[in-house]
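The values are calculated or read from the model by the stated rules, or taken from the named source; none is laboratory data. All figures in this text were calculated on a predicted structure; none of them were measured in a lab. Glycine also receives a Cβ, built like all others from the backbone with ideal geometry; neighbour counts cover every protein chain displayed. SASA here: full protein model, heavy atoms, side chains in, ligands and nucleic acids out. Shrake-Rupley method; radii C 1.70, N 1.55, O 1.52, S 1.80 Å.
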Amino acid sequence: MESNRRQFLKTTAAGLAMAAFSPLIKAGDPANGKAAIGEDSWAKAFQQSLEANPWLSGYKTASQNQYGGTAKIQGRWPKALTGTLYRNGPAQHEIGGVRYHHYFDGDGMLHAYRFSAEGVKHQAKIVETRKYKMEQEAGRVMYPTFGTMPNNPSPVTSPDLMNVANISVLPHHGKLMALWEAGSPWEVDAESLDTVGRYSFSSEMEGVPFAAHPRVEPDGTLWNFGYLSSANLLVLWHIDANGKMVKAGKISSDPISMPHDFVVTRKHIVLMMPPLNYQKSNELTPFLDNHKWEPDQATRILVVDKNDFSQYRWLELPSQWVFHFGNAWEDEAGVIRFDGARAEDPSIMTQHFRSLMRGEKLPSHPTFHHQYRIDTNNWTISEAPLLASDVHSEFPVIDPRVSTKQYHRIVMMTSRSSSPAIHGNLNEVSSFDFESGKLSTYRYPDTQIPEEHLFIPSPDSALETEGWVVGTAHDWQDQTTVLNVFDISAVEAGPIAVATLPYSMPLGLHGKFVQS
């Protein structure tokens, strides 16, 4: 196993870091007019729309690069709920008066909500990646991003020159890391939130893409993947609880998509490849635009042996798009079950998140929660809806203590097609019980846009039925950010405690909780 790992590193790692994005940009190459940033047309359009639609304030750029404050508490804060909620998300959407063309392009801002007997304190800082520091010094957008191509882009010699560290956060082996989609983790000091620098689990794998949703088993064992579009390769990572890389592997995929999340069981890794297929091109276009949705093609499911990455199978489902999965487990008979928020197509990413940057509101792009089943004895796969047909869902999470194991409850953000919010975003938090089939839901007021909520288990109980649901929301009417605490057994009763910051923060993406 060790010899295989070294051979992989010797023959592949150096080239993988360059293969994630293509074509690479040479100094002085002009971007074509269609893909390039306009002078300030997007910023102007957004500002005009904001005046008529104040809920868009959640997508404004951060007014400063760091924040700090003490929240005002209402209600009964649980004494056992102590620790830090770390969150990440795009926060700087404009540079030098020029606005990015996609929500995923903004520089990441890491937040720490610290819960203690003294109350709730908040701090936030921009993750100072190399890209961020270079562009701040220049006062302009210099490098291409996921959905934006600047005029006269600077040369890109590594995906990490495009790394905005803006999607998720990983606390692991005493480190805190801000994660992006297709580059290295960026280490951040857990107390000060100062950026330490680019992090590598192995010097031989430095710069190889490390995706934003690693799966961590209860004992700390970590699994992840990366995609390398120009090379038609997927990379797999296996890291122990101490942060040491156990093994890495590569699997060819042609065509190759841009998978965002995956799941892990006690024996297998499962990765979904929707038919949003990468198209090699010599034109200078944003990375997103180098993909084509081909709904007549199947969504391919890759099932890999955790102990031997060279052992894998491909299965097929109808075309679909899934951003996020909840969890997966595998029974003694070899049947894998997992859940995810299923959409008919990726238009929420390819269209909706671009329109938001211009201040446009488009019709909803619903996702419906599904349960998937893979029988590893005869290698068959099936899918079925999990919730009622009018319930849309996203951001499913679980009790982290049952990661990769059988689970009985998921927490997710939801909405109803029959009663959408004025802002068009998900507007509910829900807890679903697999055994009873009960969906317990709290609807947020239309003046608030909720973000991802987490399930924080009670430290005094091993049961999934005891603990809290904790999450933040942008209050566009009061221009504050609120943090709500719900009893996991009675989400529909509303928050038992609310912590309100004296300022508002841009809407973000994902977070993790670290118990005191």
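What to note about this one:
- Wholly within the stretch 1-114, strands (runs of 3 or more DSSP E) carrying at least 3 residues that are modelled with pLDDT of 95 or more and open to solvent by less than 20 Å² (accessible area, probe 1.4 Å): 83-92
- Residue in the stretch 277-293 that is surrounded by fewer than 17 Cβ atoms within 10 Å (Cβ to Cβ), of a type outside the set (Gly, Ala, Ser) and free of Cβ contacts under 8 Å to residues at least 40 places away in the same chain present: yes
- Every condition in (1) open to solvent by less than 20 Å² (accessible area, probe 1.4 Å); (2) more than 30 Å from TYR67 (Cα to Cα); (3) of a type outside the set (A, V, I, L, M) is met by ARG266 except one, and the failing one is (1).
- Residue match in the stretch 239-260 (condition: closer than 19 Å to LEU176 by Cβ and assigned to a strand (DSSP E or B)): yes
- Some residue of the stretch 358-366 being touching a residue at least 24 places away in the same chain (Cβ under 8 Å) and in a strand (DSSP E or B): no
- The residue that is farthest from ARG358 (Cα to Cα), among those in the stretch 115-162 that are among the hydroxyl-bearing types (Ser, Thr, Tyr) and buried (at least 16 other Cβ atoms within 10 Å of the Cβ), is SER158.
- Total residues in the stretch 273-300, condition β-branched (Val, Ile, Thr) and closer than 14 Å to PRO259 by Cβ: 1
- In this entry, GLN406 passes the filter for residues that are touching a residue at least 40 places away in the same chain (Cβ under 8 Å) and not β-branched (Val, Ile, Thr).
- The conditions of being farther than 28 Å from MET162 by Cα, of a type in the set (Phe, Trp, Tyr) and at pLDDT 95 or above are met by PHE309.
- Residue within the stretch 377-386 that is buried (at least 20 other Cβ atoms within 10 Å of the Cβ) and either assigned to a strand (DSSP E or B) or touching a residue at least 24 places away in the same chain (Cβ under 8 Å) (or both) present: yes
- Residues that are outside any loop (DSSP other than H, G, I, E, B), in contact with a Phe, Trp or Tyr (Cβ under 9 Å, 6 or more places away or on another chain) and either of a type in the set (A, V, I, L, M, F, W, C) or free of Cβ contacts under 8 Å to residues at least 24 places away in the same chain (or both) within the stretch 115-138 comprise PHE115, VAL120, ALA124, ILE126, MET134, listed in sequence order.
- Flag for LEU271 being surrounded by 15 or more Cβ atoms within 10 Å (Cβ to Cβ), in contact with a Gly (Cβ under 9 Å, 6 or more places away or on another chain) and at negative phi: no
- Looking across the stretch 452-504, the residues that are within 20 Å of THR414 (Cα to Cα), polar (S, T, N, Q) and in a strand (DSSP E or B) come down to THR472, THR481, ASN484.
- Looking at the stretch 264-326, the strands (runs of 3 or more DSSP E) lying wholly inside it that each contain 1 or more residues that are of a type in the set (Val, Ile, Thr) sit at 268-273, 299-305.
- Pairing each residue of the stretch 491-508 that is open to solvent by less than 20 Å² (accessible area, probe 1.4 Å) with any residue that is outside any strand (DSSP E or B), provided the two are 6+ apart or on different chains, yields C-beta distances under 6 Å for ALA497/ARG76; ALA497/TRP77; ALA499/ALA71; LEU501/ALA71; PRO506/ALA62; LEU507/GLY58.
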